[in-house]
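Step one of this worksheet: look at the structure below.
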Amino acid sequence: MSEKPRIGVFICHCGGNISDTVDVARVKQAAKSFENTEVAETLEYVCSNPGQDTIKNAIKEHKLNRVIVASCSPRMHLDTFRQAVKSAGLNPYLLDMVNLREQCSWVHSDKEKATGKAIALVEGAVARAKYLEPLTPKSMKVTESALVIGGGIAGIYSALELADKGYQVYLVERNPSIGGRMSQLSKTFPTFDCSACILTPKMVSVAQHPNIKVYTNAQVVGLKGTPGNYEVKVKITPRNVILGKCTACGECATKCPVKKPSKYEEGLLQEKAIYIPFKQAIPNAYVIDKEYCLYHTRGVCRICEKFCKSKAIDFDQKDEFIDLKVGSMVVSTGYNLVDPKVFSNYSYGLHPDVVTSIQFERLMLQGLHKPSNGEVPKKVAFLLCVGSRQTTENGVPYCCKIGCMNAVKHSLLVDKSIPGAESWIFYTDMRAHGKGYEEFYAKAREHNVVFVRGRVAEVIPNGNQLTVRSEDTILGKQIEENFDLVVLSPALIPTTGTKELSEMLGIDLGPDNFFLEVHHKLRGVETKREGIFIAGTAQGPKDIRETTMESMATASKIATFLGRGEISVSPEVAFVSPEKCNLCGVCVDQCLTKAIKMDKDKLVVDEISCIGCGVCVPTCPKGAIDLKNSI
Amino acid sequence: LSTKYPASDAAFAFQPALRAQSILKTAFSSQGESSPKIVAFIEKKTAYGAADLGGQNRRAYPTEMRIIGVPSAGRLGIKHLLHAFANGADGVLLIEGDDSMFKEDKLRERVIQMKKELAKAGVESLRIQSITTTLPQYEKIFALFDSFTERIKKMGPVKSEKRETLKKQIVGEIIAK
């Protein structure tokens, strides 16, 4: 700014709100004496139309190039005055405000001292004004497409919502089929909806939607670009089965000589090395497990290839890398269960009749039986908080949020399917916090379910049965009972690879290692990186209802983000003076939003990502990085 | 030299330093004298909003407290504190919003560094304090305004020879750059 600053100061009475405590005439007098001040005026209400007109006229009349409004908080009227200044042909960023009301007249009563403070505040603004620069908000076209990482119920819902809104969606799933954890469940609480019956139609919609492209056996391996224009590298590991050709007839699996434990059935059943994850899998095609396939391990066999009528098997497939251009993305990577083997007192892994809750879901669908001998269990124990709400080494401090209702659901299902069977629930606190949950719990109390408040000390294999030792903290006595089946509710933990993904995407993990939202209540699905959102249990334990609602919220946020076609951001961002910068990279590490990047021979500030916080500025040993129009 | 300003204007060579001073004018105006002089650097979004909210509720605090809005308390470096104390500050507060990405532990880390640096020139570390606040917690920062002003009044002004040392340090730093 080579021209001399010509400053106009406009002081507001605010109808007595300011003028009763601050002697505005004296402030005006003082303001006139400051360097570069061309005009100083007091007005009854600067924000009113006549007040704004006075500013506009003064800009024209006195050729003002800086305007200072001393009135209320900038939080109240900054935009009003910026608009007024803009309509008079002055850059809106050449306006500054002085907070005479909220931070002076309203908090002080001594008129003399308050006036002194007001003068000082105005003097500060006048001194500051010559460093203001005209700025224009940056805007950038966005790619109107979205990436969804993880094809569980959260990913499916986000993808469908976004695709229905008209955006191109890429759904990347690491497993051979979409569906996620929900596809493994039998029934859902509290309504006993069949999980597959409500999920699989949605999976089919995803597969058939013209705006959704599904990549299975695929993982995100790289991220470049800026919010609104991300470039994502996706690695697709070979399935060894050609997707368009496979008709899922199953001929190959009958001929395959190798058996392996089924991942979908949680190891309770065996399947072949060429397998379909489950009957309703999307895409509905077989896949070869390289860890077990004889051709992959020993280089022989290829029987499946000979028997496949549609010639769908291809052992020559290589790792494929694709680049996707997306404006925004949803991280819905879901959860894992903690391995109960780490808690040796529960005998998990030592006795086949100790199972996890998800294994119990599979047992329900297979027809409830004891994994050891196939008999029908008559007495089942449900152990809650296995690893949850524990500060011990292997435990997690948070609540899994679904364990209580899940156990109630299981106990009711046992009661329904096996006449005369008895269920015992060992709980810490019964948490029934959602719509219809308390009623659901009350229903279980009317049935043949015993509720014991207490954590189980030990599960001891006892021949065909299991002895559970616990304390009943309500009755204050010890319990030792024999059960046919023991079901553990393990803690929920982030899925494997969460940390690597968070580093790649540049988003934060919370202390619980789940993805961290910006604000617990107000910005629950946003991450610190613009354009990247989270949904479902990737953010923390929650049930299906909450997950679907959150996914729709995420889709809505993305539609808002992409919907304008371009994003505009405040121009008050960091900039680098290349002649001073020695590329030490200190600021790159300091940046909270990964907005500063090291290019070959210079530092680049991504103006879309930069939030203008200025945390980088004091760390620069050379004083090469600075903020525009801000201290 | 910054290319944004005409090279002929020699004063602009020290532009960042001058700018820091201009910002502090709010606290050390020639016409709005106050004693003691206390600067509260307040993060512009949440914490500044909390200060506004206190104003709306007419919660009074000493006029010696001068608020300067900053984008984040992390924006402040040792430079700002050197200038502040060299030019007449007797106490400095750094207030950050609780929901800021610049977290409390990072702020503390920086404040500890600043205190160490200022202690070299003999400025007591009790003259600097940091705090984080949420929007409705204005009482928390206003209570600090009261107690901090009280503390600084008891401690008395910073001795003028200490201010001279700080000024020398600032000039030394500018020359070094």
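The values are calculated or read from the model by the stated rules, or taken from the named source; none is laboratory data. Given the structure is predicted, the values throughout are model-derived calculations rather than measurements. Note that each Cβ is placed from the backbone with ideal geometry, even for glycine, and that neighbours are counted across all protein chains shown. For the accessible areas, the whole protein counts, side chains as well, though only heavy atoms, and no ligand, DNA or RNA atoms are used. Shrake-Rupley method; radii C 1.70, N 1.55, O 1.52, S 1.80 Å.
Here A:Val300, A:Val258, A:Val214, A:Val241 are screened, and the one residue that is of a type outside the set (S, T, N, Q) and within 32 Å of the chain's Cα centre (by Cα) is A:Val214.
Against the conditions (1) in a loop (DSSP other than H, G, I, E, B); (2) in contact with a strand residue (DSSP E or B) (Cβ under 8 Å, 6 or more places away or on another chain); (3) open to solvent by 20 Å² or more (accessible area, probe 1.4 Å), A:Cys613 satisfies every one except (2). The residue of segment A:83-103 that is most open to solvent (accessible area, probe 1.4 Å), among those that are within 11 Å of A:Ala70 (Cβ to Cβ) and at the interface with chain B (Cβ under 8 Å from one of its Cβ atoms), is A:Arg101. Here's a check for you: in segment A:492-520, which residue that is open to solvent by less than 40 Å² (accessible area, probe 1.4 Å) and not in a loop (DSSP other than H, G, I, E, B) is farthest from the other protein chains (Cβ to nearest Cβ)? Among those that are open to solvent by less than 40 Å² (accessible area, probe 1.4 Å) and not in a loop (DSSP other than H, G, I, E, B), it is A:Leu492. For the residues A:Lys528, A:Lys580, A:Lys594, the requirement of being touching a strand residue (DSSP E or B) at 6+ places or on another chain (Cβ under 9 Å), within 14 Å of another protein chain (Cβ to nearest Cβ), of a type in the set (Lys, Arg) and in contact (Cβ under 8 Å) with a residue 40 or more places away in the chain singles out A:Lys580. Scanning segment A:465-491 for residues that are assigned to a loop (DSSP other than H, G, I, E, B) and charged (D, E, K, R) gives a single hit, A:Asp484. For segment A:295-312, a residue qualifies if it is open to solvent by 50 Å² or more (accessible area, probe 1.4 Å), not hydroxyl-bearing (Ser, Thr, Tyr) and not in a loop (DSSP other than H, G, I, E, B), and the qualifying residues are A:His296, A:Arg298, A:Ile303, A:Glu305, A:Lys306, A:Phe307. Flag: A:Val107 does not match the condition of being within 14 Å of another protein chain (Cβ to nearest Cβ), crowded, with 24+ Cβ neighbours inside 10 Å and in contact (Cβ under 8 Å) with a residue 60 or more places away in the chain. Applying the set (1) under 46 Å from the mean Cα position of the chain (by Cα); (2) over 22 Å from B:Gly69 (Cα atoms); (3) open to solvent by less than 60 Å² (accessible area, probe 1.4 Å) to A:Tyr45 leaves exactly one unmet item: (3).
Can you say whether A:Lys213 is under 25 Å from A:Lys309 (Cα atoms), in contact (Cβ under 8 Å) with a residue 12 or more places away in the chain, open to solvent by 30 Å² or more (accessible area, probe 1.4 Å) and of a type in the set (D, E, K, R), as far as the supplied structure shows? Don't jump to the end; show me each part of the working.
Values: under 25 Å from A:Lys309 (Cα atoms): no; in contact (Cβ under 8 Å) with a residue 12 or more places away in the chain: yes; open to solvent by 30 Å² or more (accessible area, probe 1.4 Å): yes; of a type in the set (D, E, K, R): yes.
Spelling it out, it is not the case that A:Lys213 is under 25 Å from A:Lys309 (Cα atoms), in contact (Cβ under 8 Å) with a residue 12 or more places away in the chain, open to solvent by 30 Å² or more (accessible area, probe 1.4 Å) and of a type in the set (D, E, K, R).
In this structure, is A:Ala555 on the phi < 0 side of the Ramachandran plot and either within 14 Å of chain B (Cβ to nearest Cβ) or without any contact (Cβ under 8 Å) to a residue 60 or more places away in the chain (or both)?
no
Listed by first and then second residue, the pairs with beta-carbon distance under 7 Å, at least 6 apart or on different chains, first residue in segment B:145-161 and closer than 23 Å to B:Ile131 by Cβ, second aromatic (Phe, Trp, Tyr) and modelled with pLDDT of 90 or more, are B:Phe145/B:Tyr61; B:Asp146/B:Tyr61.
Tell me whether segment B:115-122 contains one or more residues that are under 25 Å from A:Asp589 (Cα atoms) and more than 12 Å from every other protein chain (Cβ to nearest Cβ). Within segment B:115-122, one or more residues are under 25 Å from A:Asp589 (Cα atoms) and more than 12 Å from every other protein chain (Cβ to nearest Cβ).
With respect to being out of contact with any strand residue (DSSP E or B) (no Cβ under 6 Å at 6 or more places or on another chain) and over 20 Å from A:Val525 (Cβ atoms), A:Gln184 fits the description. Filtered by the rule that a residue be closer than 15 Å to A:Leu562 by Cα and buried (at least 23 other Cβ atoms within 10 Å of the Cβ), segment A:135-160 gives A:Val142, A:Ala146, A:Leu147, A:Val148, A:Ser158, A:Ala159. With the structure loaded, tell me whether A:Arg455 is of a type outside the set (Phe, Trp, Tyr), open to solvent by 30 Å² or more (accessible area, probe 1.4 Å), in contact (Cβ under 8 Å) with a residue 12 or more places away in the chain and over 30 Å from A:Val221 (Cβ atoms) or whether it fails that test. Yes, satisfied.
Check segment A:13-34 and report whether any residue there is assigned to a strand (DSSP E or B) and crowded, with 18+ Cβ neighbours inside 10 Å.
The first filter runs over segment A:13-34 and keeps only residues assigned to a strand (DSSP E or B), leaving none.
Within segment A:13-34, not a single residue is assigned to a strand (DSSP E or B) and crowded, with 18+ Cβ neighbours inside 10 Å.
Just one residue in the set B:Arg75, B:Arg58, B:Arg66 is touching a residue at least 24 places away in the same chain (Cβ under 8 Å) and either surrounded by fewer than 24 Cβ atoms within 10 Å (Cβ to Cβ) or at the interface with chain A (Cβ under 7 Å from one of its Cβ atoms) (or both); that residue is B:Arg66.
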